[in-house]
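Beneath this line is the structure, given in structure tokens, with notes to follow.
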Amino acid sequence: MSDNNKEILLEMRDVRIDGYSDDRWHEIIKGVDLTLRRGEILGLIGESGAGKSTLGLAAMGFARPGCKISSGSIKFDGMELTDMSEKDQRNLRGSRICYVAQSAAASFNPAHRLLEQTVEATVQYKLQSENDAKQDARALYKDLQLPDPENIGDRYPHQVSGGQLQRVMTAMAMSSRPDLIIFDEPTTALDVTTQVEVLAAMREIVEKFNTAAIYITHDLAVVAQMADTIKVLRYGETVEDAPTRAMLSDPQEDYTKSLWAVRSIEKQAAPSDDIVLEVRGVDASYGGSVKVLRDVNIKVPRGRTVAVVGESGSGKSTTARSITGLLPPSKGEILFNGQPLPAALKNRTKEQLQRIQMIYQMADTAMNPRHTVRDIIGRPLQFYLGLSGTALDRKVLDLLQLIELDESFMDRLPAELSGGQKQRICIARALAAEPELIICDEVTSALDQIVQEGILKLLLRLQEELGITYIFITHDIATVRAISDEIVVMFQGKVIEQGSKEAIMAPPYPEYTELLLSSVPEMDPDWLTNLLAQRAS
Amino acid sequence: MSDSNNNQSTNYTAAGEVTLVKARRSFLENLIRTLKSAPPTAWFGMVVIAAYLFVALFAPLLAPHGEAEVFPLAYAPWSDEFILGTDALGRDVFSRLIYGARNTIGIAVATTLLAFIIGGSLGVIAAISRNWMDQVLSRFVDVLMAIPSLIFALMLLSIFGANAINLIFIIAVLDATRVFRLTRAVALNVVVMDYVEAARLRGEGLGWVMRKEILPNIMPPLVAEFGLRFCFVFLTIAALSFLGVGIQPPTADWGSMVRENAGLIQFAEYDLTAALTPMIPAAAIALLTVAVNFVVDWFLHKTSGLRDE
Amino acid sequence: MHPILSTVIQRLGLGLLTLFIVSIIIFSSLEFLPGDFGQAVLGQAALPETVEAFRRELGLDRPPIERYFMWIGNVLQGDLGTAFSGRNASGVDRSREVWSMIEPRLMNTLFLASMTAIIAVPLSLFLGITAALYRNSIYDRVVNSTTLTTISFPEFFVAYILILVFSTYFKVFPSLANISDDTALGEKIYRSALPAIALTMVIVAHMMRMTRAAIINLLASPYIEMAELKGVSKSQIILRHALPNAWAPIVNVIAFNLAYLVVGVVVVEVVFVYPGLGQLMVDAVTSRDIPVVQGCALIFAGTYILLNLFADVISIITNPRLLHPR
């Protein structure tokens, strides 16, 4: 909770930052104010391109190459950073203000041991002797619940896992006992089950030393666990500032509400026995002897959505590749409308290919940047249905209207579309083939919340109108709730369970499903506290 | 916070989503815009290249004398009739310089084109197929590249004999290895893209994927590479001709002209212009290479800048 | 086995295999000669018996595979065969052993190459690293455009400019690098100065540009930004964070350019009439003396492969991921 009696540690007034692109300077932070008191944690939330990281780095007086702080005041503990010499600024970094980066694996120097890197700044500033600093670092490793805290520091960065590295980086930031730590999306690259552990460790240590922090993320549920106050940022401007609980219970701005838009959709699941696709006892491997899939069985009812959930490496995308024939199974078979499909792509008929379509996670790379929307949607029409000339144009236009776009988009290139529009064009391309089944591989995870909501609603509407079946691959439980009829949980290449949404989402859970579901952060500031208490008992 | 942002969250429409739609321009407008923004070095390069092409195309009209026309006056000094004097056999150096543009540039362009046709097509095929053929081609190229190309060229020329046709084929094949590597590498970056997978899932044939999906996306680096390869080929051929195993007399060629007149350098004390005679074809080679390098440098800067957007 | 050792052994094995295949290619150059080359070497007046004896001496009556193994066996013992030149139609054979022709020339070339390397390597590393550190400064731009111009110059142009300026106009250095075994070292260096400077100019331009690119690439790594955000000073960032990771790219640049030196040396030797291997090879190509060409090609290619192999091994043993396996 914010406490107005505490001393102000960081104060930013009307900060403006310019970025250089397209041969000129653009304003990317447009006059933001920020106040942080000692011992307080500020959550900085916003979607991609909102300027969160840029603002976070500015709190250290730092601008990445190609950026410059053009005006405004940044006062840290009474000192004006924008007036300081380069050297004085540098002397604050690593001693009084520290930084925890998103990609731990890339941010550690591969040539030095973790312990040396942890104490580097502390020793450099002569805050402690090298031996004391190392002893202290080992204690910090222990506080952060790293395995084998005495010896883990003797390892090299590539020898420990991502979640562990992220905690070592927190220890590195904490080593000099700074007044302020900037956490820049520290858990974004981690799986949900690992994220919980790292979040808990970070929160505990920041509390222990009463360090102030700025926690940058795009995930409101995560920031709710960490922050006392939340600042919502969009297009380089502040949208809303509020204490965490007030923000969650009573957001003032529509944009803030839209940040959890996906959680507002909930589909009523409907059972069905008409099976369109069946994956039967499939094993698969990428060459070599290591199996990526082991005895996978999945049934997909017609006109319904089957969500395949699991963490990275669980084999959910590999399952999709096996169904499409890109990675022929080494064992088992895939039945489509009761008929076995040839295992390999090249042995399938054009008609079989037409019936199963695919939509990708990154719409950017799923469309040829040199083709126009007309080419992209028109090609399947031409290829499968043999359309040409005005008939082709008319059909492309129909499809554009179906996905809520108009003819002004016909001749645009992918680079001239927004993220949501790109994904819509990909959906239209899949629809153009008049498929029975569409495999959606994390189709919303790269999109902003409000855009995700639009895409999910569109998919639901299309299913209602056209009776299309979806296999929906995702790691996001909110999306699963929004769209699925049935759920398949995968872990280490195996199907843990398959069943209706109601059955899977309600206890009793198998062990892994329990872990997975309970690790998904909720919009409740007490969620992490409760979860840890529950797990401890 | 601005009102437009507000409206968007309340009345969300897919079509209204904010996009950076660039103003559409015709090809010509784009070209003019691009040229206007070119730095002076690039302008210099383009003007020089244009001038060379002009001289190469209209050599017979521009040259005062014939390519191999012999005058009974060996090592004539610079004069109105023989602007740069004559060589050991009494041929007009200035005319040979002009004809040399046509021969030297022509042979280098032909060689580079051939290298790109061989290396480029094999590179794209290797990148798409990723099978035993890719393995065989890649290993073969590794071995060929393990021998310095000038040494390899010298060896092959000693076997097959030095003439223009052999020269073109030998250098083209040796240079194709580098083109192969680059094309394969950039094509591999495109092959892993989802849109190529989407095309394969649709059931498209190899030819379509190559032409429609891959080729348009690997053109910018290949165009830049064409410039760099041209410089390399041009310098290699010049070096071989200079060594006397490249383009053979009486064909006028800058590399051999340097060799033929090199002895004049010793007379710098007595007649500086004579000493400059062998330097002029060498400078002609250098100037064109500098010009191409400047243009390629600008082009690379331009295309890599676009990628950052 | 330690992964470093196995990776190095693997790499050495691959290098040997490359050498083996390259030796086959060089050997088979003899196979592509036209059938009547015996006549061409010995002259039109040669008797059929003389031509036949010559062919037998080359082993052309035996199958190629057998001949290859005999040839490579001899090569490994330092016997590169006998030159074509010096033979004539009458059958009188005044040809010389290829190795005896190559050996003194090789020493001269090595002398020139090392002299160049001693100047060029430190100079270009210095220029490349400083240009990368002061990127986009005036200094960087000047160095950059100068080197871009220099790499566009043919080697012989650079060489003749040097001769024109330092030899014929200002008589500082001799234009002909006339050296032999009994030339004293100081004299040798003096006479080789111009060829060494010419080579240096060409090599430095390439090496400097590649060093600059490698360092800039390295400085863009997230761990360098992290070090900056830890308040590490500029000099410490370079020494502690960049340098330990820079060995591999820098050694690669050096090896690549020393290998390039091998090629540049041919042209420069011809310009200065320097009695080196390149000159010998060009003469042999002109007179189509295949055994000499083969010998020279083998030595040039071998040096080139070994240098690259050396760079590979260095980058393997400085790679922390391999040094400290999981």
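The values are calculated or read from the model by the stated rules, or taken from the named source; none is laboratory data. The shown structure was predicted, so the numbers you read here are calculated from the model rather than taken from an experiment. In this analysis, Cβ positions are derived from the backbone assuming ideal geometry, glycine residues included, and neighbour counts consider all displayed protein chains. The protein model used for the area step is the full one, side chains on, heavy atoms only, and it has no ligands, DNA or RNA in it. Shrake-Rupley method; radii C 1.70, N 1.55, O 1.52, S 1.80 Å.
Per this entry, C:ALA214 is counted among residues that are out of contact with any Asp or Glu (no Cβ under 8 Å at 6 or more places or on another chain) and closer than 30 Å to C:PHE157 by Cα.
Scoring B:ASP134 on the criteria (1) open to solvent by less than 10 Å² (accessible area, probe 1.4 Å); (2) among the acidic types (Asp, Glu); (3) under 28 Å from C:MET281 (Cβ atoms) leaves a single failure, condition (3).
Evaluate the following for A:GLY310: is it in contact with a Lys or Arg (Cβ under 9 Å, 6 or more places away or on another chain), modelled with pLDDT of 85 or more and over 18 Å from A:ASP441 (Cα atoms)?
Working: in contact with a Lys or Arg (Cβ under 9 Å, 6 or more places away or on another chain): yes; modelled with pLDDT of 85 or more: yes; over 18 Å from A:ASP441 (Cα atoms): no.
Spelling it out, it is not the case that A:GLY310 is in contact with a Lys or Arg (Cβ under 9 Å, 6 or more places away or on another chain), modelled with pLDDT of 85 or more and over 18 Å from A:ASP441 (Cα atoms).
Counting only helices (runs of 4 or more DSSP H) that fall entirely inside segment C:101-217 and contain at least 3 residues that are among the acidic types (Asp, Glu) and modelled with pLDDT of 90 or more, no element qualifies. Picking from residues in segment A:441-475 that are under 21 Å from the mean Cα position of the chain (by Cα) and away from chain B (no Cβ under 13 Å), the one that is modelled with the lowest pLDDT is A:SER445.
Residues in segment C:267-301 that are closer than 18 Å to B:ARG259 by Cβ, at the interface with another protein chain (Cβ under 8 Å from one of its Cβ atoms) and among the small types (Gly, Ala, Ser): 1 in all.
Would it be correct to say that B:ILE285 is surrounded by 21 or more Cβ atoms within 10 Å (Cβ to Cβ) and within 9 Å of chain C (Cβ to nearest Cβ)? Against the criterion (surrounded by 21 or more Cβ atoms within 10 Å (Cβ to Cβ) and within 9 Å of chain C (Cβ to nearest Cβ)), B:ILE285 qualifies.
Where residues in segment A:73-100 are of a type in the set (S, T, N, Q) and more than 26 Å from A:GLN164 (Cβ to Cβ), which of them is farthest from the other protein chains (Cβ to nearest Cβ)? Break it down into steps so the answer makes sense when it comes.
Kept after step one, since they are of a type in the set (S, T, N, Q), are these residues of segment A:73-100: A:73, A:82, A:85, A:89, A:91, A:95.
Of the ones still in play, those that are also more than 26 Å from A:GLN164 (Cβ to Cβ) are A:73, A:82, A:85, A:89, A:91.
Details: A:SER73: 21, A:THR82: 17, A:SER85: 13, A:GLN89: 9, A:ASN91: 6 Å.
That would be A:SER73.
Of everything listed in (1) assigned to a helix (DSSP H, G or I); (2) crowded, with 23+ Cβ neighbours inside 10 Å, the single unmet condition for A:ILE487 is (1). If you go through segment A:40-61 and keep only what is touching a Phe, Trp or Tyr at 6+ places or on another chain (Cβ under 9 Å) and open to solvent by 20 Å² or more (accessible area, probe 1.4 Å), you end up with just A:GLY49. Flag set for B:ALA274, criterion: hydrophobic (A, V, I, L, M, F, W, C) and over 22 Å from B:PHE169 (Cα atoms).
Please pick out the residue among A:SER408, A:SER418 that is over 21 Å from the mean Cα position of the chain (by Cα), among the polar types (S, T, N, Q) and at pLDDT below 90. Before the answer, list the steps.
On the way: A:SER418 fails: over 21 Å from the mean Cα position of the chain (by Cα).
After applying the criteria, what remains is A:SER408.
Selection within segment A:505-531: residues that are more than 23 Å from the chain's Cα centre (by Cα) and part of a helix (DSSP H, G or I). The member of this set that is nearest to A:VAL296 (Cα to Cα) is A:GLU511.
A single entry from B:PHE234, B:PHE226 fulfils the requirement of being out of contact with any Gly (no Cβ under 7 Å at 6 or more places or on another chain), open to solvent by less than 40 Å² (accessible area, probe 1.4 Å) and more than 8 Å from chain C (Cβ to nearest Cβ): B:PHE234. Within segment A:207-233, the set of residues being open to solvent by 10 Å² or more (accessible area, probe 1.4 Å), closer than 23 Å to A:THR479 by Cβ and assigned to a strand (DSSP E or B) is empty. In segment B:85-192, counting only helices (runs of 4 or more DSSP H) that sit wholly within it, the ones holding 1 or more residues that are closer than 18 Å to C:VAL263 by Cβ and not charged (D, E, K, R) span B:106-129, B:132-145, B:149-160, B:164-191.
Restricting segment A:9-25 to residues that are open to solvent by less than 60 Å² (accessible area, probe 1.4 Å) and at pLDDT below 90, which is nearest to the other protein chains (Cβ to nearest Cβ)? Don't jump to the end; show me each part of the working.
Here is the first cut: in segment A:9-25, the ones open to solvent by less than 60 Å² (accessible area, probe 1.4 Å) are A:9-12, A:15, A:17-19, A:21.
Pick out the ones that are also at pLDDT below 90 and you get A:19, A:21.
Numbers: A:GLY19: 11, A:SER21: 6 Å.
So the residue we want is A:SER21.
Apart from one condition, C:VAL232 fits all of (1) in contact (Cβ under 8 Å) with a residue 60 or more places away in the chain; (2) over 20 Å from C:ASP140 (Cβ atoms); (3) at the interface with another protein chain (Cβ under 10 Å from one of its Cβ atoms); the exception is (1). C:ASN308 satisfies every condition listed in (1) open to solvent by 10 Å² or more (accessible area, probe 1.4 Å); (2) more than 8 Å from chain B (Cβ to nearest Cβ) except (2). Counting residues in segment A:88-98 that are touching a Leu at 6+ places or on another chain (Cβ under 6 Å) and of a type in the set (D, E, K, R) gives one or more.
Within segment A:303-361, take every residue that is farther than 26 Å from A:PHE383 by Cβ and assigned to a strand (DSSP E or B) and give me the one that is most open to solvent (accessible area, probe 1.4 Å). By that ranking, first place goes to A:LYS331.
For segment C:254-265, the count of residues that are hydroxyl-bearing (Ser, Thr, Tyr) and without any contact (Cβ under 8 Å) to a residue 60 or more places away in the chain is nonzero. Please work out if C:ALA159 is buried (at least 21 other Cβ atoms within 10 Å of the Cβ), more than 14 Å from chain B (Cβ to nearest Cβ), within 26 Å of B:LEU272 (Cα to Cα) and not β-branched (Val, Ile, Thr). Answer is no for this residue.
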